[in-house]
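Everything below concerns the one structure shown next.
The values are calculated or read from the model by the stated rules, or taken from the named source; none is laboratory data. These figures come from a predicted structure and were not determined experimentally. Cβ coordinates were reconstructed from backbone atoms using ideal geometry, including for glycine residues, and neighbour counts include every protein chain displayed.
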Amino acid sequence: MQVLIIEDEPRAASQLQNMLKACDFEYQLLDIIDTVEDAVIWFQKNTTPDLVFMDIQLADGLSFEIFQNIEVAAPIIFTTAFDQYAIQAFKVNSIDYLLKPIQREDLTKALDKFGKSNQTLTPTIDPAILKQFLTTIQTVESRTGILVKEGNGFVQIKVTELLYVYSQESITFGITASKRYIIDETIDQLFNSLDQNTFFRINRGQVVSKNAIQKIESYFNHRVKLSVANPRDQEFIVSRPKTSDFKEWMNR
């Protein structure tokens with residue numbers, strides 16, 4: 001059984017592999033890919049795998065964008081940190097979704113469903129509809145406060161105070177006009193809970209509030225560079241695959 005994992009969090013990819021072994025699922029791991037761009041290239045150069053585990057939020061965008069660039073004729077089990085009630089809505093497409101953190105029982109059921117399909121399932125995916133629905137549930141789930149570390153304890157800051165977020169050495173930092181805070185969440189978890197009309201993930205390690213952006217400049221390789229409030233020695237460059245979506249987001 002040849003398996004491809006598309007996941008931008010190394011820890012999550014490793015945990016998935018361990019759980020597959022615990023489920024006595026025999027497989028050959030073909031590759032672990034963490035971006036939309038690399039996934040498209042991989043499918044163009046390789047034969048179709050027997051099964052794909054695919055995270056929804058990747059380092060350079062939504063995994064649904066893969067299907068806008070290339071046909072994927074493989075059974076897919078999506079993994080996601082989104083709310084379980086939203087996941088139920090997705091199930092009408094007869095595609096399996098595993099809610100993070102993945103539970104062994106849920107993984108076993110997904111593998112059983114895959115086995116019953118006789119490995120011939122070719123999912124029919126309308127990325128435009130799924131992306132629109134995803135935007136809707138992200139907006140519903142958006143929060144107003146964030147618990148951050150301060151001294152030996154925690155305080156809550158308002159999301160409206162947040163200028164940008166970045167990840168460095170597996171630590172998530174949130175920046176306001178006056179301070180830098182440590183946030184006890186991955187950048188994926190945090191971004192998925194923010195208002196997508198206000199915050200944009202410009203690359204794998206940075207999320208920026210629209211309210212913090214002061215200037216937008218053209219940058220080489222068809223990218224754009226941002227000047228933001230309280231930059232703290234950070235450079236803000238929108239990745240090439242996300243540049244078009246970023247411009248569209250800024251026009252809202």
Answer yes if at least one residue in segment 87-97 is farther than 21 Å from F114 by Cβ, at pLDDT below 85 and surrounded by 20 or more Cβ atoms within 10 Å (Cβ to Cβ), and no otherwise. no
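T135 - would you say it is assigned to a loop (DSSP other than H, G, I, E, B) and at pLDDT below 80?
No; evaluated as a whole, the condition is false for this residue.
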For a quick check of your reading of the model, give me the residue pairs whose first member lies in segment 4-28 and is without any contact (Cβ under 8 Å) to a residue 60 or more places away in the chain, whose second is among the charged types (D, E, K, R), with beta-carbon atoms closer than 6 Å and at least 6 apart or on different chains. A13/E7
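Could you tell me whether K225 is outside the structural domain of A81 (by TED's automatic domain parsing), basic (K, R) and at pLDDT 90 or above?
Details: outside the structural domain of A81 (by TED's automatic domain parsing): yes; basic (K, R): yes; at pLDDT 90 or above: yes.
It is true that K225 is outside the structural domain of A81 (by TED's automatic domain parsing), basic (K, R) and at pLDDT 90 or above.
Here is a yes/no grid of residues against (1) under 9 Å from the mean Cα position of the chain (by Cα); (2) part of a helix (DSSP H, G or I); (3) surrounded by fewer than 18 Cβ atoms within 10 Å (Cβ to Cβ):
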residue	(1), (2), (3)
D31	no, no, yes
E37	no, yes, no
F43	no, yes, no
T47	no, no, yes
M54	no, no, no
E65	no, yes, no
V72	no, no, no
I77	no, no, no
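Taking the conditions exactly as written (modelled with pLDDT under 95 and at negative phi), does F246 satisfy them or not? Break it down stepwise before answering.
Numbers: modelled with pLDDT under 95: yes; at negative phi: yes.
Yes.
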Residue list for segment 138-188, filter: among the acidic types (D, E) and either surrounded by 12 or more Cβ atoms within 10 Å (Cβ to Cβ) or not assigned by TED's automatic domain parsing to the domain that holds V238 (or both): E141, E150, E161, D184, E185, D188
When L194 is evaluated against the numbered criteria (1) within 15 Å of D8 (Cβ to Cβ); (2) in contact with a Leu (Cβ under 9 Å, 6 or more places away or on another chain), which criterion, by number, is the only one it fails? (1)
